[in-house]
Structures are given as C-alpha cells and as structure tokens.
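To start, the structure under review is shown below, and the notes come after it.
Values in this text are rule-based calculations from the coordinates and carry no lab data. Quick caveat, the model's predicted, so the values are computed rather than measured. Glycine also receives a Cβ, built like all others from the backbone with ideal geometry; neighbour counts cover every protein chain displayed.
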Amino acid sequence: MQDEVAFGGGLLNLLPRPMGAAMTAVLEQLLNGAQFGVMLFLMAAGLTLIFGIMNLINLAHGSLYMAGAYVAAATFAASGSFLLALLAALAAAVALGAAIEIVVFRTLYDREHLDQVLATFGLILFFNELVRMIWGATALYMQVPAFLAGHVELLSGSPYPTYRLAVIGAGLAVALLLHLLIARTRIGMLIRAGASNRAMVDALGVNVTLLYTLVFALGAALAAFAGAMAGPIFTVESGMGESVLILAFVVIVIGGIGSLRGAFVAALLVGIVDAMGRAFLRPLLASFMSHATADNAGPALASMLIYILMAAILLIRPQGLFPPRGR
Amino acid sequence: MKSIIAAAAALSLLVAPAVAEQSVKIGFVTTLSGPAGVIGKHMKDASTLALDMLGGKIGGLPATIVYGDDQFKPDVGRQVSEEMLQRDKVDFMTGFIWSNVLLASYQPIIRSGVILIGANAGPHELAGAMCASNYFSASWQNDQTPEAMGKFMNDQKMNDVYLMAPDYAAGKDMVNGFKRYFKGKVAAEVYTKPGQSDYQVEISQIRQAAPKALFIFLPGGMGIQFVKQYAQSGLRDQIPLYSAFTVDETTLPAIGDAAAGNYEVSFWSPDLDNPRNKQFVAAFRAKYHYMPSYYAAQSFDAINMIDAAVKAVKGNLADKQGMIAAIDKADFPSVRGAFKYGPNHFPIENFYLLKIVKDADGEYVRKIQSTIFADHADAYASECKMK
C-alpha cells in the first residue's frame, strides 16, 4: 500500500525536476524512436517496393535482414573493418536476393497470395536452419566499431551513443538516395510506373523480368544494410528477422502499400510511438492507478501500442497514409 | 495354444520390467538455441561431464541423458517435458533455466511421479504453496540471491536505487527478494520484455531518473546487451551497476571490459575453496576449455544428486520414497560444499559477494569477496505444506 503513496505523484514523475530535464527526456526518446524508425524504414522500403511493384508477399524479407547481419558480424569479426563488413553484407544480400528471385519467385508471380505466403514462409524455415548449420545455434555478438564507440554530448549533460547517431544519419542518407533514385532516374520512373500499373509497363515493352530482379536485389540490399547496422545493437541470431518483419509489415500497411514516402513516415511514426510508449506509458498509468497495476499494464500496453496505432489509422484511412496513385 | 500365449505373455511381463530397470534415463530440459543457448551449453557440458566422471553410470546402472531444447518458451518446454515423460519414459527430469518454463512444465512432471530436480530456476510458487515431495531444487529459490545483494547494498547505506528486471516470473521474484533486505529508497522498478536486446529507451529513462545506483537482473543475452549498451551510453561512470545472474561466466566473454570491477552475488563461484569444486572446475576446463558458470555447477550437482539417490536404493528405481529420502539428506559431494535441504526441498546455503576482476591469464572472472549470508533459507518455506 505504501507503494501507492510513493507513486501517487506519477504524473509529476513524467515532468521530472526542471522543465529542461523533461525536454531532454523527450528529445532523447525521440532520437531513440528515430533510430529504430530508420532501421524499420530500410526493411519496409524493400518490402513495400516488392509488394507494390510485383504484387508479391515476401515473408522471407526478414531472412535477407538476418543474412546481412550474419555476414556483417562474421566479416567484422574476421577482418576488423566495419566498412568491409557493410560491403560484404550488401554484396551477399544482392547476390542472394537476385538468386532467390530467379530461382523461387519467378514461379510465384502468377500464383495466389496464399501460395506466395506458404513458399516464402518455407524460405524462412530454410534460411533459419541454414544459418544454424553455418554459424551454430548460439547467438553472435557484434562489437560497435571503434571509430563509432563512445558517445557524443548532444544536449548538455546528456551524452548519446555515437553509433546510434550514425545509424540515424546513415538511414536518412539512404532514404534520400532512394528518393532521388525513384524520383529522378529512368529506372526510378519505371519502378514508379510499375507500382501504378504493371500491365501497362509490360505492354510498353519494358523488360519487366529484369526490372523485377533489380527491384528485388535493391530491396535485399536495403534489408541487409538494416541487418548489418542492427548487428551491434541487437543480437545476431537465427530467426532475428521475424520480429522485425512483422513491424515492417505494420509500417507498410500504415504507410500505404507500394508507397516509399508512406513507408518513411510510417516507420518513423512506429519507431517514435514505440519508444515513447516504453518510456512514458508506465509513469502515465501510475498517475491514476496503483503502482503494481501500472507495472503490469504499462509494459503490456506499450508493446501493443503500435498495433493500436495501426488499427486507428486503418479505421480512418483504410488504404494507409499515402496510398500510391492509380489504384 | 492359448495357454502358451498366456505363458509367453506372463514371461514377458516378468522380464520386461527387469530389462527396463537395467538403465537410468534422465530428461534434461534447457535452452540450446538463440541468445540463451550459451547457458544451455554450460548445463549440457556440465551434466555430460558429471556422467562421464561417474563412468557413464548412475547408481551403478548404465545411464543416458536425453536433452531437450525449450527455446526459452514455456509452451515448448512443457511439450518437450511431456515427450520425455511419455515417449522416452525418463526416470528423472532435470535442467530448467527459466522460471516460466519450469512453472509450465511442473504439473505434468509432478503428477507423473517422476523425480524433478530444478537445476536453475526457483520460482517462489514452487518453494511455497506448490511445493511437492518429488521436486527438489539443486540451485536456490529465486529471491535468495538478490536478497544477498539487497543486504549488501543496504549495509553499504546506499539509497535511491533503480531496479530493472524482465517482465516474467523470475523478474518479479528478483525484485521482491532485493526489496526484502534493502530498506533504502527505491527510485523505480522497471520491467522489460523477456529476450529484449535493445535497451536504449530504458537507459535514457535511467539517465533522467538519475538514481544513485542501479540493480539489474538480466540473465543471458539480455545482460550482454544491456551491460554493453550501458557502458556505451557513458552512464557507467556516473551510476554504478550492481547485478544478479547477469555478469557471469556465460556472459563475461562477450561483455569483457564493460563489466570490470562490477559486483555480483551467488551461492557458488569457480574460486570457491573446497576440494570437490577444485576437482570440478579443473575437469571442466580441461575438457571444454572455458570457465564453468553456476549453471554448470548446478547441473553437475543435479546429476550427482540423482546418482546418490539411485545408490541409496541400490538401483531399485521403483522405490521413489527411498530416493526422495536420500536426496533430502543432501548426502553427496556438492561443489558448493556441504548444505542442507529445507522443509520445501530448497537448499539452505551460503551466499557470497563477487567482484569481476582479471585473473592471471588476463581473463575476466568472478572472485569471492565476502560471505553475505551463511546458511540462508528462503522466505517461502513456511507456506509449503508438503504431502
């Protein structure tokens, strides 16, 4: 019972001491959310392109993320060079992505979504077992590269890990490059056209087969980039792709399937809502319910928050925030 | 004709049990995949070593250990346990890292009458209201170890301590145990997702709360991630980190420098000074080339407890009561030294303060600093009404 008294001022805990400290708290959690968000965007970008252009549900996208993380962790451990590890992860994923597209997905484009789900789910099992055979069942731990270890004094009295800032920076840079690629180049034009009306692009004499392979390889590279950067933050383990995959699907559904802009906005939204929920929901609940109840309800509700967000957005905009034109 | 069949059937009935009782089968449930897979490896290696040192025999009978992977999931653990009981017809069950997995698997094992020896998890339910005569702990009750840390930090007159643990059965036990002996101010209690690997959000919260000290229970991969990220955040020099079941021989190779000088608590340590422990640590290192953890020590003891039980009944595995009585005496060479069982079949044992230091080979190890509790019993024994 005394706990309830101690935590009675829960709402005040939300705004600790001077207002400056509260601002720092919120800003820091915004950064945490943005960092998670850009990583989700890298995953969701490939997924939404593949779904939007090829009309293919690719559950094995998480496996490409996992492959990126494993190749990066192994290369980094062997060579000590983080940049080499990133390059190796990208190269491996492009090769793997193109290979899967040619061997497996070409037979799936004309099939129903259920067939695609079954086939790509099979791929998940295959790749999870494959990494277990190559790297063993226990998880790998990737070190933060030396030049990004340590922390930066971003706001006074609030050091922030350099690596996480680098992830945000790299993620935003890739998002910008991707935007330029899609909006300003010929291949980007074809991708946009494919997302709007695949049959027409095909009829205009574009080599759709090649375009599909390219888009798939691009999506694979983005997923592997996310995986490689996730290596030092998360544990590198078999099956690590699935939890991210589910969130990436949430992101593309919120953003509007096939829309890169939607994926970007939705990814940041999901990342920030998740971070805010984990940080502030429990103290918020504790302000009007007992400490013990808030301890139980807080983490549970925080983990549901992004799904509640998805449901709310779909209620208002069933096509997502930015549905691509022409559909 | 009928009489011949009947005679043959009668004969096979006579022979079958005798054949079945020629060997001992032990079911061992642990986590062999994912970030916690390293814990399972310690337990598997130690139990294999224990059986090897007994010449492959339990109580003089040829023995096998059947290993099962619970994947850190209660439903999978229960399924694996039921398979061992029904398909493998095991004579004993042991292992179990996680309290939630043990709680889920407990009832079918206890109902089957098979003797269950918990080699790690010790949820309070099983020490209290749910205790059973055919269940023993080879380790501790969850609350006991953090109680020792609570007492130590209380004796140090620390105040304003921030508590963090995963949101599952053992997490709550750990925090309760800590608070039972820590009388200073608790800054906050935070429960995180079991198996979580990114703690940046929680670290930002800790920075804002600015407590005087931090006490965590994050076993396995969770601890590796948290301790490394905590050091990266730069908070480590400002808010000292104390832990239980977090910085140990399973996680130290991955954590390294980030935990140098940290304090832990345990009922056992590789440097515990008794002949049996020296023999165990030396044999383990010679065979596997790494330092055993308490997970390994408990698993090693569990197999030796089973051996002592089968010896006491002279290989008559049907004599469950005899074996239970034998285990209850704790009359076997334990690596923790001599100890006793409480009325709820949980050990009454010592708890030590440990510090993370570099040994002569430049490796980080846990070293005993002092004894916090001598012959410490758990808080739930009085709730146990054993039938």
When the expected Rg is taken as 2.2 N^0.38 Å, what fraction or multiple of it is the alpha-carbon Rg of chain B? 1.03
Any residue on another chain or 5+ positions along whose placed amide H is under 5 Å from the amide H of B:Ser243 is listed here as B:Ile216, B:Tyr263
What residues qualify as long-range amide H neighbours of A:Val152, i.e. H under 5 Å apart, gap of 5 or more or another chain, H built at 1.01 Å from N? A:Tyr160, A:Thr162
Listed by chain and number, the residues whose amide H is under 5 Å from that of B:Ser266, excluding neighbours fewer than 5 places away on the same chain and using placed H, are B:Tyr352, B:Leu354
Table column - 3J(HN,Hα) (Hz), region B:295-309, Karplus curve with 6.51, -1.76, 1.60, x for Gly and Pro: 4, 5, 4, 5, 5, 4, 5, 4, 5, 5, 5, 4, 4, 4, 5
Counting just the Cα atoms, what span does region B:51-102 cover along each of its three principal axes? Round to the nearest Å and put the largest first. 35, 22, 13
If exposed GluC sites (Glu not before Pro) are those in a DSSP loop with at most 15 other Cβ within 10 Å, what is the longest stretch of chain B that has none? B:22-362
Which of A:Arg261, A:Arg184, A:Arg192 fluctuates most in a GNM of chain A (C-alpha springs under 10 Å)? That residue is A:Arg184
How large is the dipole of region B:258-326 about the Cα centre if only Lys and Arg carry +1 and Asp and Glu carry -1, each at its Cβ, rounded to the nearest 20 debye? 280 debye
Using Cα springs under 10 Å in a Gaussian network model of chain B, which residue among B:Arg236, B:Arg180, B:Arg111 shows the largest mean-square fluctuation? B:Arg111
Please label the shape of region A:114-198 as rounded, prolate or oblate, based on the square roots a ≥ b ≥ c of the eigenvalues of the alpha-carbon gyration tensor (a/c under 1.5 means rounded; beyond that, a/b larger than b/c means prolate, else oblate). oblate
Derived scalar couplings ³J(HN,Hα) [region B:334-346; Karplus, 6.51 cos²θ - 1.76 cosθ + 1.60; whole Hz; x for Gly, Pro]: 8, 5, 8, x, 5, 8, 10, 9, x, x, 9, 6, 10
Rounded, prolate or oblate: which fits region A:20-71 when a ≥ b ≥ c are the square roots of the eigenvalues of the alpha-carbon gyration tensor, with rounded for a/c under 1.5 and prolate only if a/b beats b/c? oblate
Rounded to whole Hz, the Karplus (6.51, -1.76, 1.60) HN-Hα couplings of region A:23-28, x for glycine and proline: 4, 4, 4, 5, 4, 5
Just check region B:158-216 against the gyration tensor rule for me: Cα atoms, a ≥ b ≥ c as the square roots of the eigenvalues, rounded for a/c under 1.5, and otherwise prolate or oblate depending on whether a/b exceeds b/c. oblate
Magnitude of the Cβ-charge dipole of region B:22-145, K/R +1 and D/E -1, about the Cα centre, nearest 20 debye? 200 debye
Within a Gaussian network of chain A (alpha carbon springs, distance under 10 Å), most fluctuating of A:Ala85, A:Ala69, A:Ala223: A:Ala85
From DSSP H assignment alone, runs of 4+ in the protein assembly as shown each adding -39500 (n - 2.57), the sum over residues rounded to the nearest 500 puts [θ] at 222 nm at -18500 deg cm²/dmol
If you rank B:Val24, A:Val236 by fewest surrounding Cβ atoms within 10 Å, what's the result? B:Val24, A:Val236
